[in-house]
Amino acid sequence: MVTKNVEDCFPFKDQPSVTWINIDGLHKVDIIEKIGEHFDLHPLVLEDILNISQRPKTEDFENYIYTVLKMFTYNKQENETNIEQVSIVIGSNFVISFQEKEGDIFDPVRDRIRFNKGHIRKMKSDYLAYSLIDTVVDNYFIVLEEIGEQIESVEDELSKNPDPEPETLQTIHGLKRDVLFLRKSIWPLREVINTLNRNESRLIYKTTQLFLKDVYDHVIQTIETLDTYREMLTSMLDLYLSSINNRMNEVMKVLTIIATVFIPLTFIAGIYGMNFEYMPELYWKWSYPILWMIMVSASLFMFAYFKKKKWL
Amino acid sequence: MVTKNVEDCFPFKDQPSVTWINIDGLHKVDIIEKIGEHFDLHPLVLEDILNISQRPKTEDFENYIYTVLKMFTYNKQENETNIEQVSIVIGSNFVISFQEKEGDIFDPVRDRIRFNKGHIRKMKSDYLAYSLIDTVVDNYFIVLEEIGEQIESVEDELSKNPDPEPETLQTIHGLKRDVLFLRKSIWPLREVINTLNRNESRLIYKTTQLFLKDVYDHVIQTIETLDTYREMLTSMLDLYLSSINNRMNEVMKVLTIIATVFIPLTFIAGIYGMNFEYMPELYWKWSYPILWMIMVSASLFMFAYFKKKKWL
Amino acid sequence: MVTKNVEDCFPFKDQPSVTWINIDGLHKVDIIEKIGEHFDLHPLVLEDILNISQRPKTEDFENYIYTVLKMFTYNKQENETNIEQVSIVIGSNFVISFQEKEGDIFDPVRDRIRFNKGHIRKMKSDYLAYSLIDTVVDNYFIVLEEIGEQIESVEDELSKNPDPEPETLQTIHGLKRDVLFLRKSIWPLREVINTLNRNESRLIYKTTQLFLKDVYDHVIQTIETLDTYREMLTSMLDLYLSSINNRMNEVMKVLTIIATVFIPLTFIAGIYGMNFEYMPELYWKWSYPILWMIMVSASLFMFAYFKKKKWL
Amino acid sequence: MVTKNVEDCFPFKDQPSVTWINIDGLHKVDIIEKIGEHFDLHPLVLEDILNISQRPKTEDFENYIYTVLKMFTYNKQENETNIEQVSIVIGSNFVISFQEKEGDIFDPVRDRIRFNKGHIRKMKSDYLAYSLIDTVVDNYFIVLEEIGEQIESVEDELSKNPDPEPETLQTIHGLKRDVLFLRKSIWPLREVINTLNRNESRLIYKTTQLFLKDVYDHVIQTIETLDTYREMLTSMLDLYLSSINNRMNEVMKVLTIIATVFIPLTFIAGIYGMNFEYMPELYWKWSYPILWMIMVSASLFMFAYFKKKKWL
Amino acid sequence: MVTKNVEDCFPFKDQPSVTWINIDGLHKVDIIEKIGEHFDLHPLVLEDILNISQRPKTEDFENYIYTVLKMFTYNKQENETNIEQVSIVIGSNFVISFQEKEGDIFDPVRDRIRFNKGHIRKMKSDYLAYSLIDTVVDNYFIVLEEIGEQIESVEDELSKNPDPEPETLQTIHGLKRDVLFLRKSIWPLREVINTLNRNESRLIYKTTQLFLKDVYDHVIQTIETLDTYREMLTSMLDLYLSSINNRMNEVMKVLTIIATVFIPLTFIAGIYGMNFEYMPELYWKWSYPILWMIMVSASLFMFAYFKKKKWL
């Protein structure tokens, strides 16, 4: 049921069935306050729901559990990752979720409810909350995969192209920043889910704990993948820097070979370009061809030397 | 009530209501000693209050709890961060706070007391102490935000400008030093608040613990943000260094191309500038145009070679 | 017994002897589902068996224990490491193992069963499971050894060749990526085996725990070796980078020596190549030999200077 | 009382008052052995007292506690840090301290005893031991301050001077080595004081534990400051390296500009220095001024190009 | 007693005195198997004794404790470190030690037994085992000292020689590899000795635990020293790299100065070397000396400029 009128949800509070209220958009402060009042939420909770720079955490208030998560959705068309804060309040017979913006990320959960799929209709509010958290965590993998693909494409470029573009540097740096940011947002989730699971709260049933353990494994996997990404990006930056150095080395060698071969030769040519009256060599018949021979053999010798030094 | 006469505060000690005494300036040693005597503070506590290079900590002395914090205030006008030590003594019906310098940072707390806002007048000394600590921690975010903005502006410059200024290096280094310093000052706060919260002291009530948990979350968030900043700054330093290397590579390529094209040509010109009597080429009619053709084609060949090597 | 018909295995479920069912290939979804149904496996387990990007873990479901591992096999002929996910379900009188692809890695275990070697026929399902895990872990050492040999050969090249090939850089980077990947896959195994061993499950007998402790030691040794490899590779990258820098330094010295010796000499030659009418030196008898003497002594002086500065 | 005769101290062993025996110099092996015998010290303790490369530690032997520390004293005149091992044996009514060399570091403690200042005469042997440890730890701050000043002066030089001296590199490296060494020596102290404090030994009274907690805070502060120093020195090394690279970039730009402007011009001059008989340009009237115009405009164009590329 | 016949040792098994059996050489598989049979060792233990790539560990088998260590001996004459695996089996009245090769490292223990020195004859098998472990750990310090001396000599060279040899790089890398390898081998010993000490086994008596605590301290000290060495080597590599960069900077400056001074002058000389018929300057009387004056003043100006830029 989609409603614009928040009071419509209130009768469900005291029904034995599980009610899920999903609020899109945190700008509707009055609605959130009404809900807070009706469902008897602590003022700190309402404050936290509205403050979108919250660190992921979970808190147990006897009658309900309050959980904040960061949701990442990757938008393929605009090639950007959106971040959104999701707050979930788990009561004994209700779940209230607060999304920053309107979105269809919870559609799979809705479908499962509508079409009566899986366990979701048979179980309690804790399983519904698990489904929501699971959906959020599943979206991490999509973002991770996207980053993984970008890392791979940069790595490909680095391994094929001995003279990488300066843009590659920006891409690596950008990816690193993204990984750091994701890690910072996902890291506290470990604790969040652990707390939910270890919780002696009567709101989390034993059957759901197994599923939460599964989400926990996924979060750990996400963090470990991010750590591996970070190390790979550091290693790629080193690779980039080494490639640049390698390339500069090559450039320097070319310069040095050219300079070392031609500067002395130019000097010799300069000598016999001088206008002294008394330069006996100038009037010898074979001076010119002999000089050519000397020059050619000198440069051949140079090339042999560079060959030996493996500069060529 | 603002008073210059410290004895004025003493009658409040035995009143049932909560009294807040705020001392501005640690140079008033005699006042601090009088208070210490009257409120029966341990000599070590008085020593710690006066020693402004104290590490943040909290200690439980049966009748009162002593807590030291570092306060950071960002002064927009002079673009500098001020650091100050704040000591808080929490008794059963009094809170004494010691600031290094006079300041208006606690004004929001004063306002809440005056205008009877929030819980603050209904609750005990522990809630007042929480309000003070919370105000200090809230100020961390302002400083953090300032640093974050500076990091972003440096990052912007680095990503737009392929040849960054040497001053950028100094800015990055300065920011890194600030982050290290902040981290060192804030890191022990985790323990401080944890100790307060875990404390079995009869001075911290259960209702306040929830609020302290909130402050704890903020401190953790601060530290994690600082850690992310640190990693970003390290990554930016790498980016800077790579940019410089990139740029040097570019410069070297230009030098090498110029030298490789013109040094051999200059040599050839030098050859025919020699004054030997017997140089047959000098007297041929087409020598000069042919030489030009050779030179032009040689340089075209060179450019093609550099093009192929992607130096151009 | 090799069978294509999965129902053939079902009668063994209720026999007192230990039955080992090995499934090659996860594409046979229907078979896996039939087994899941017959052996009463949790839906999450079946899902995990089929999802090949699972993180290694172990879970205790009263009647059976479910364990996922990553198996690495090194293919000498194609010089590549294959990764495969192995799931093991340990029941009281059966062990079901699921391999991604058909393979002969468990042949040693099969041989030991067939030829009645070792303890394997006398013991329970937990010992069989241990044998399978042990075989997987033993294969890690083969992969490690291969990487170790490659690291050594790169190190040899780096220490012998002062001017390492750019390919070496790619090799180091590739090895580092492999080590990171292996580490990420093996790291959770510590927990897996620890959980199995610490487990109060009635499925793991005390006699087997000693053997599992041995596997645990091997896993720790693997991880520590990988950590050492990682540090060695980082150190080798530094060595590579330093070698490149060293080499560039050498190249620069050669260039500088040549340029410093010949550029001034060429200038002097240029001076006396000028066509001014009034240049007294041009008409002196000894100008030319004296100039030669000056040039030779100047360059000798230069060489002495470079010698002193240890550039030669 | 200063005595050369170690037996003079023995009668004090059985007196109810607290006796402090301070041994200067570990070469007096016989004295140390006599004391060891009289005060019934374990052979391992005597061995540890004499072995000056001991790691800081504390051990509880029912009747006495044995503690080893490293003492650092900064000698301003010779600008060097001296390290010394201090062993302290705490008995129920005696404290024996062993210093490596004669020194006056414990003078403040002596003064407090003589002039009956502070708590020291009213309290037990554990408080005296605390006073000695506190004096040692206080000296760490003097050494830290010295290092801090040196770090600041190097930082100042780095930020002012864009072309730092090679000696700066040596200074940074030397400071880093000192910091590493100090950290290694002070790190175990955490454990030492923690052990003393957590100790259920009847020798440490509750009143002293508060003071030991204070020393513990100081040790933690020392270690954290050293860690910050270490990170700052690493950051400074990066800054130094970047400055050198920056500077080299500048140098390269100058070289490239000069070479790029003059090498082509020199080539052109070389062309018309050739002695071909048939070079029509040589006999045109305006060749020379036109050539000058071409050259000037070419170099102006070059400069504009470099300006655009921000090389100037 | 030295014997070639292993059965000679067997009668000692049931004697009340402590028997020490030392096996040199693991190739004598049959002897080891006989001993294993006679002393009732677990097959896994025998396997571990023979597998020389074992990770240090200790295991408690009710009747005996099995411990593996790595022994390092520094051979001064051949300047190399030998690694050897030592297995120790501690029974109630026997100790069996297995060395890889014949060696005299346990001679001090033998001497103490023979000459009845120290506690060794009065105590149980656990003290003998401690003596063996202690001897192994003491040898670590000799190897550490050797590495320390090499580090110091490299550091000396780096600080004296501004242009370090490329071999220095290899030495630093080699030392780093050695330190990594030692650390990997010694690190698990912490756990080994801790396990022995924490052990509730009836085989380790309380009197020996104090001695084992001493060995534990030595192991920790070894690891911390290795960590410090590692950091110092990393810092030295940075120092080396910075020195190379510094040196290259110097070289570049020389090149740039020479090129910047002489290339423009050579251009001017080239100008007046042109053979145009109409070049008025060529026929002026003072052209030549004026040109010289211009050249000299230009180069003086250049030098002043470089001086100002601190390139000289």
Note to self: with every protein chain in place and a 1.4 Å probe, chain D gives an accessible area per residue in Å² of 46 Å²
Only Lys, Arg (+1) and Asp, Glu (-1) charged, at Cβ; the protein assembly as shown dipole about Cα centre in debye: 2240 debye
Leaving out ligands, DNA and RNA but keeping every protein chain, what accessible area does D:Y278 have, in Å² rounded to the nearest 10, with a 1.4 Å probe? 90 Å²
Length-normalised contact order of region C:167-312 in % [C-alpha pairs under 8 Å, at least 6 apart]: 25 percent
Checking the cross-link filter: which aspartates and glutamates have an alpha carbon closer than 18 Å to that of A:K206, excluding same-chain neighbours under 8 positions apart? A:D60, A:E62, A:D126, A:D134, A:D214, A:D217, C:E59, C:D60, C:E62
Between rounded, prolate and oblate, where does region C:56-135 land on the alpha carbon gyration tensor, with a ≥ b ≥ c its root eigenvalues, rounded for a/c under 1.5, else prolate if a/b exceeds b/c? oblate
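Provide A:R202, E:R55, E:R230, A:R177 ordered by accessible surface of protein heavy atoms (probe 1.4 Å), highest first. Before the final figure, lay out the partial values.
Working: A:R202 145, E:R55 25, E:R230 50, A:R177 95 Å².
Largest to smallest exposure gives the sequence A:R202, A:R177, E:R230, E:R55.
If the viscosity is 1.306 mPa s and the temperature 10 °C, what Stokes-Einstein diffusion coefficient in µm²/s follows for chain A when Rh is the Kirkwood radius over Cα pairs? All intermediate terms of the calculation are to be shown ahead of the outcome.
Values: Rh = 24.9 Å.
Answer from the Stokes-Einstein relation: 64 µm²/s.
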What are the nm distances, shortest first, from D:I290 to its equivalents in the other copies, labels at 7 Å along Cα→Cβ? 2.5, 2.6, 4.1, 4.1
Rounding to the nearest 20 debye, state how big the charge dipole of region C:176-222 is about its Cα centre with +1 on each Lys and Arg Cβ and -1 on each Asp and Glu Cβ. 160 debye
Pick from C:K57, C:K160, C:K213: which residue has the top mean-square fluctuation in a GNM of chain C where Cα pairs under 10 Å get a spring? C:K160
How far is C:F301 from the same spot in each other copy, in nm, shortest first, if each label point sits 7 Å from Cα toward Cβ? 2.5, 2.5, 4.0, 4.1
Give me a single rounded figure for B:22-34: the average over its residues of other chain Cβ atoms within 10 Å of their Cβ. 0
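Assuming R0 = 35 Å, what is the FRET efficiency of A:F303 and D:A304, from their Cβ-Cβ distance, to the nearest 0.05? Mind dumping the intermediate values first?
Working: r = 38 Å, r/R0 = 1.09.
So the FRET efficiency works out to roughly 0.35.
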Cα long-axis angle, helix D:287-308 against chain D (0 to 90 degrees, to the nearest 10): 30 degrees
Looking at the axis that maps chain B onto chain C, which chain B residue has the closest Cβ, and how far off is it in Å, rounded to a whole number? B:G273, 4
Suppose every K and R has +1 on its Cβ and every D and E has -1 on its Cβ; what is the size of the dipole of region D:151-286 about the Cα centre, in Debye to the nearest 20? 580 debye
Can you tell me the order of A:87-93, B:285-291 when each peptide is scored by its average per-residue count of other Cβ atoms within 10 angstrom, highest first? A:87-93, B:285-291
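Of A:K253/B:K253; A:K308/C:K253; A:K310/E:K176; D:K253/E:K253, which ones are farther than 19 Å apart at the Cα?
Details: A:K253/B:K253 11 Å; A:K308/C:K253 17 Å; A:K310/E:K176 29 Å; D:K253/E:K253 11 Å.
Pairs exceeding 19 Å: A:K310/E:K176.
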From Cα pairs below 8 angstrom and at least 6 apart in sequence, can you work out the relative contact order of region A:25-82, rounded to a whole percent? 19 percent
Quantify how much of the Cα-Cα distance distribution of the protein assembly as shown extends past 57 Å, in percent. 40 percent
Using 19 Å as the Cα-Cα cut-off, could you pick out the over-long pairs in E:K184/E:K213; C:K309/E:K309; D:K70/D:K101; E:K57/E:K184? E:K184/E:K213; C:K309/E:K309
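In terms of the Cα gyration tensor, with a ≥ b ≥ c the square roots of its eigenvalues, is region D:113-206 rounded because a/c is under 1.5, prolate because a/b exceeds b/c, or oblate?
On the way: a/c = 5.05, a/b = 2.48, b/c = 2.04.
Verdict is prolate for region D:113-206.
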From the label point of C:S159, set 7 Å along Cα to the beta carbon, how far off in nm is each other copy's matching point, shortest first? 2.8, 2.8, 4.5, 4.5
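Compute for chains E and D the buried accessible surface, both sides summed, probe 1.4 Å, and express it in Å² to the nearest 100. If you can, show how the numbers build up before the last one.
Details: alone 19080 and 19090 Å², together 33360 Å².
Counting protein atoms only, the buried area is about 4800 Å².
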Relative contact order for chain B, counting Cα pairs under 8 Å that sit 6 or more residues apart, in percent: 15 percent
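Counting partner chain Cβ atoms within 10 Å of every residue's Cβ in C:158-169, what's the average?
Numbers: counts 3, 4, 1, 1, 5, 5, 1, 2, 7, 1, 1, 9.
If you average over the peptide's residues, the count of other-chain Cβ atoms is 3.
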How large is the accessible surface of C:R247 in square angstrom, using a 1.4 angstrom probe and rounding to the nearest 10? 40 Å²
Can you compute the helix-only [θ] at 222 nm over chain D? Use -39500 (n - 2.57) per DSSP H run of at least 4 residues, normalise by all residues, nearest 500 deg cm²/dmol. -21000 deg cm²/dmol
Putting +1 on Lys and Arg Cβ atoms and -1 on Asp and Glu Cβ atoms, find which of B:F72, B:P164, B:Q54 reaches farthest to the positive end of the dipole of chain B. B:P164
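From other protein chains only, count the Cβ atoms within 10 Å of every residue's Cβ in E:231-237, then give the mean. If you can, show how the numbers build up before the last one.
Working: counts 8, 5, 1, 6, 9, 3, 5.
That average works out to 5.
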Of E:V137, E:V95, E:V254, the one that fluctuates the most in a GNM where chain E has Cα springs shorter than 10 Å: E:V254
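Taking the inverse of the average 1/r across all pairs of different Cα atoms in region E:47-193, what Kirkwood radius in Å do you get? If you can, show how the numbers build up before the last one.
Working: mean 1/r = 0.0578 Å⁻¹.
Every distinct Cα pair counted, the radius reaches 17.3 Å.
Using a 1.4 angstrom probe on the protein heavy atoms only, line up A:K309, D:K124, E:K310 by accessible area, largest first. Write down the numbers at each step before the final one.
On the way: A:K309 70, D:K124 105, E:K310 130 Å².
The most accessible residue leads, giving E:K310, D:K124, A:K309.
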With a point put 7 Å past each Cα toward its Cβ, work out how far E:D30 is from D:I294 in nm, to one decimal. 9.8 nm
Any idea which of E:M248, E:L175, A:T195 is furthest toward the positive side of the dipole for the protein assembly as shown, if Lys and Arg beta-carbons carry +1 and Asp and Glu beta-carbons -1? E:M248
Ranked highest first by average number of other Cβ atoms within 10 Å, how do A:235-243, D:148-156 line up? A:235-243, D:148-156
Could you report the accessible area of E:E277 in Å², rounded to 10, computed with a 1.4 Å probe on the protein chains as they sit in the structure? 90 Å²
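Give the shape of region D:182-246 as rounded, prolate or oblate, defined through the alpha-carbon gyration tensor: a ≥ b ≥ c are the square roots of its eigenvalues, a/c under 1.5 means rounded, and otherwise the shape is prolate if a/b is larger than b/c and oblate if not.
Cα axes put region D:182-246 in the prolate bin.
The values are calculated or read from the model by the stated rules, or taken from the named source; none is laboratory data. Because the structure is a prediction, the values reported are computed rather than measured. No Cβ is skipped: glycine too gets one built from the backbone with ideal geometry, and neighbour counts run over all protein chains shown. All accessible areas refer to the heavy atoms of the entire protein, side chains included, with ligands and DNA or RNA removed. Shrake-Rupley method; radii C 1.70, N 1.55, O 1.52, S 1.80 Å.
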